[in-house]
Amino acid sequence: MNQSPLKDKFGRVHDYLRISLIERCNLRCTYCMPEEGIVLRDKSEFMRPEEIIEMAKTFVSLGVTKIRLTGGEPLFRKGADLVIRELGKLPVELTMTTNGVLIERYIDILKSAGIKSINISLDSLSRDRFEQITRRDQFDRVIENIALLKKGGFEVKVNVVLMKGVNDDEIIDLIEWGEREDLSIRFIEFMPFDGNQWNSEKKVTEHEILDIVNVHYPDKNLQQLPIGKNATARKYQIEGKRQHFGIISTISNPFCDSCNRIRLTADGKIKNCLFSQSETDLLTTMRKGGDITEQIVDTIIGKRRSRGGYDAFDDATVEKMENRSMVTIGG
Ligand code: SAM
Ligand code: SF4
């Protein structure tokens, strides 16, 4: 029996910490950042680099073996280099989700911190569409930086948030691009957060993606690959291709039974689920010289079985949901 202190009531061991380094971002993706932006708060409300490192060490002492840096845009955070270097010294698999805009400035630091795999968000292969989605003209930089990462020997996974009528006509193009460029493409179902104008008709389900793939490759066998431990993406292999693609369908087909994730927000709060309705303030405790261990353990024990306790994600339920915007949680 696993005696991990970070085991919840349903036997799930939480050994994967996602740390948001910053709430702010250099892009403005419509599905993540509210149109009006976010309220800018005083610097003192956010973890300083030393505090992030101390928090991370506590989690590692409790059994965390994997840390993902996220945000907002993690590389847009002053002091990101220090955090990456220090976390690289911990006995964890260190990784990052980034929009890729600033990669060229950090590539050597990422390498020397032992990072091997990076997730880049890119929702379109069209420059115009990229600009419509992100409200910024940075397509070329992201494409160049993906190439730079590949040249540097990193494994690159590309996260694509699919939205009906926006980019769902690019599923095949993205799969073919991934095949040419040796990138693993992961289609993510559009999820509801504050200020992102979600409604159920905008999401593209796993079923719909697979239908599109099957229609495009009628003579090729499409095989689902074995599901890895704690994986969120279901992986599919098209016969004859080197690369598989993944689908993360948190709304229509969630992975909660094997969830091992804890989220630490940039202002030092933990959420035991992306959709949790409560947060635990570790930063205040730490600044008062208190021990955050008990708070962490209790927060994990209090985790609901599925999606923060929401059974359904119909439009009426989502309308009443209260959550931060994604950019302030850290995906
Ligand atoms: N700025 C970085 C980036 O874009 O990769 C890291 C932070 S971002 C919040 C992390 C991931 O969350 C990205 O892959 C993004 O596409 C995803 N994301 C943001 N809002 C989402 C939403 N409403 N539904 C699904 N995924 C979302
Ligand atoms: Fe920024 Fe990432 Fe959110 Fe886009 S998805 S606004 S890049 S944090």
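The values are calculated or read from the model by the stated rules, or taken from the named source; none is laboratory data. Because the structure is a prediction, the values reported are computed rather than measured. In this analysis, Cβ positions are derived from the backbone assuming ideal geometry, glycine residues included, and neighbour counts consider all displayed protein chains. Remember, those area values only see protein heavy atoms, side chains included, never the ligands or the DNA or RNA. Shrake-Rupley method; radii C 1.70, N 1.55, O 1.52, S 1.80 Å.
Only one of the numbered conditions (1) within 16 Å of ligand 1 (Cβ to nearest atom); (2) at pLDDT 95 or above; (3) surrounded by fewer than 20 Cβ atoms within 10 Å (Cβ to Cβ); (4) charged (D, E, K, R) is not met by Glu319, and that is (2).
Residue pairs whose Cβ atoms lie under 6 Å apart, separated by 6 or more positions or on different chains, with the first residue in segment 306-331 and of a type in the set (Val, Ile, Thr) and the second within 11 Å of ligand 1 (Cβ to nearest atom), are Val318/Pro192; Val327/Cys25; Val327/Cys32; Val327/Met33; Val327/Gly72; Thr328/Glu23. Taking each residue of segment 185-196 that is in contact (Cβ under 8 Å) with a residue 40 or more places away in the chain and looking for partners that are in a strand (DSSP E or B) and within 11 Å of ligand 2 (Cβ to nearest atom) with beta-carbon atoms closer than 7 Å, six or more apart or interchain, yields Arg186/Asn159; Ile188/Asn159; Ile188/Val161; Phe190/Val161. The C-beta contact set for segment 17-40 (first residue under 18 Å from Ala80 (Cβ atoms), second residue open to solvent by 50 Å² or more (accessible area, probe 1.4 Å) and more than 10 Å from ligand 1 (Cβ to nearest atom), distance under 6 angstrom, 6+ apart or interchain) comprises Leu27/Arg136. Sub-9 Å Cβ pairs linking a first residue in segment 161-172 that is within 14 Å of ligand 1 (Cβ to nearest atom) to a second residue that is open to solvent by less than 40 Å² (accessible area, probe 1.4 Å) and basic (Lys, Arg), at least 6 apart or interchain, are Leu162/Lys203; Met163/Lys203; Lys164/Lys203, ordered by first then second residue. Restricting Lys235, Lys271, Lys229 to those that are within 22 Å of the chain's Cα centre (by Cα), open to solvent by 70 Å² or more (accessible area, probe 1.4 Å) and within 24 Å of Val60 (Cβ to Cβ) reduces the list to Lys229. When segment 82-101 is filtered for residues that are in a loop (DSSP other than H, G, I, E, B), open to solvent by less than 10 Å² (accessible area, probe 1.4 Å) and not small (Gly, Ala, Ser), only Val101 remains. In segment 67-81, is there at least one residue being among the β-branched types (Val, Ile, Thr) and either open to solvent by 10 Å² or more (accessible area, probe 1.4 Å) or part of a helix (DSSP H, G or I) (or both)? Scanning segment 67-81 turns up no residue that is among the β-branched types (Val, Ile, Thr) and either open to solvent by 10 Å² or more (accessible area, probe 1.4 Å) or part of a helix (DSSP H, G or I) (or both). Just one residue in the set Glu23, Glu51 is acidic (Asp, Glu), open to solvent by less than 70 Å² (accessible area, probe 1.4 Å) and assigned to a helix (DSSP H, G or I); that residue is Glu51.
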